[in-house]
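The values are calculated or read from the model by the stated rules, or taken from the named source; none is laboratory data. Note that the structure is predicted; figures quoted are calculated from it, not measured. Cβ sites come from the backbone with ideal geometry, for glycine too, and all protein chains shown count toward neighbours.
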Amino acid sequence: MAFAATILVGCNMKMPTVEYEAHYDDEYSLFADSIVGIVDGTRQLVNTESATCMLLDTVADFNGDGLADALVTDVQACGGNAVGNAFFFVTYTRGGRFVRTNTFGVCVYDEPVVELWEGMKSVVINEEKLDPFTEEVEMHDERYVLVDTFALRAVSPSTITPMPTISFRDWQKEAQLSDMGEEEDCSGDSIPVEPNTDSAIFDDLYSGHCSWYCGGEVQNITASSSPKDYEANKAHDFDHTTFWSPSGSGIGESLVYTFHGSCPRITTIKVLNGDVTNEELWIQSARVKLMRMYVNDKPYALLAFEDSRTQQCFDIGIVGFHDPQAADWTLTFEVLETYPGTLRGVAIAELNFDGIDVH
């Protein structure tokens with residue numbers, strides 16, 4: 001069966017008609033052995049690489065370019081149950097050819113679900129994975145989108161923590177008392193100090209409590225633009241009152257973090273978005289709305305931010321090596337869209353990490 005998408009542009013210009021067909025060895029075959037792309041009637045065999053048992057799952061405009069793309073199920077066990085399915089997109093490029101994206105999903109038994117995410121069509125899969133903390137196999141929902149010729153993780157914040165309402169000075173006083181373990185009431189009697197849950201971000205940045213940074217370390221931070229007083233390292237100095245702010249609007253600008261191969265692996269990105277010093281300054285600076293993340297210069301994920309003066313944490317899977325024999329590697333964060341500020345371009349107060357292999 002073939003699917004088509006035809007989009008009219010302007011008054012007379014017509015977009016190509018893009019279709020997809022699944023081909024089977026014979027009428028009794030359960031799975032397609034090849035996928036054919038068709039542009040205005042011209043047929044092209046798609047290079048599906050090692051995939052030989054496939055299902056043409058969903059055809060839709062996944063990347064928003066007005067042309068049809070295909071979601072293909074790679075039936076890795078060819079009908080058996082030894083391993084679940086994987087997936088990839090096929091997309092037609094302006095260069096006149098069909099391209100197969102990277103595979104996503106490793107062991108999926110349920111049907112994929114197509115949903116809107118940040119205005120884009122996304123694919124949600126329920127994947128069987130080994131939990132690195134419990135060492136037990138668990139099921140996790142993962143979301144993917146098609147961007148250019150890559151299938152990227154689509155990640156919304158897993159936790160959002162508001163900035164403290166107490167002042168930093170009051171937090172310092174409270175932290176000192178907490179370190180002593182008690183404080184005095186009006187009568188002079190000692191009473192236990194209860195932790196203030198309102199100060200979670202200050203605790204995270206300044207308490208010195210053990211974290212991924214007990215074993216993890218960023219070797220170097222650079223940026224595509226790094227003006228004086230707003231340099232790249234201001235996004236990783238554990239100071240909520242300083243920030244990286246590139247030249248101009250910030251769209252298209254990027255931060256690059258370099259790690260040793262032996263560095264503990266990373267599972268979470270933690271971001272203070274904008275100049276979070278106070279509400280007035282936060283409104284003045286633009287904030288990140290959408291950010292593309294690269295691992296070793298290869299597109300890996302899209303991070304979608306809420307527009308709030310908070311710490312937003314993104315669960316990104318497991319990246320890195322934790323191997324002393326591995327080469328240095330990088331994470332790059334590219335600003336794609338922003339929420340406007342009233343006075344200046346985008347600011348990122350902190351972009352930090354959490355992960356495994358430490359405790």
Exercise for the section: Could you run through segment 18-46 and say how many residues are assigned to a loop (DSSP other than H, G, I, E, B), surrounded by fewer than 19 Cβ atoms within 10 Å (Cβ to Cβ) and either in contact with a strand residue (DSSP E or B) (Cβ under 6 Å, 6 or more places away or on another chain) or aromatic (F, W, Y) (or both)? Expected result: 3
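Of the residues F62, F88, which single one is surrounded by 16 or more Cβ atoms within 10 Å (Cβ to Cβ), part of a strand (DSSP E or B) and in the same structural domain as A151 (by TED's automatic domain parsing)?
F88
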Exercise for the section: Could you give me the residue pairs with C-beta distances under 7 Å whose first residue belongs to segment 319-348 and is within 19 Å of M291 (Cα to Cα), whose second residue is at pLDDT below 95 and surrounded by fewer than 17 Cβ atoms within 10 Å (Cβ to Cβ) wherever it lies, and which are 6+ apart or on separate chains? Expected result: T338/S249; G345/G248; G345/S249; V346/S249
Problem - Matching residues in segment 306-359 - criterion: being assigned to a loop (DSSP other than H, G, I, E, B), in contact with a Phe, Trp or Tyr (Cβ under 6 Å, 6 or more places away or on another chain), surrounded by 15 or more Cβ atoms within 10 Å (Cβ to Cβ) and at pLDDT 95 or above - result: R309, A347
Practice task
Looking for whichever is touching a residue at least 12 places away in the same chain (Cβ under 8 Å), of a type in the set (A, V, I, L, M, F, W, C) and in contact with a Ser or Thr (Cβ under 7 Å, 6 or more places away or on another chain) here; the options are V271, V288, V276. Which one fits?
Solution key: V288
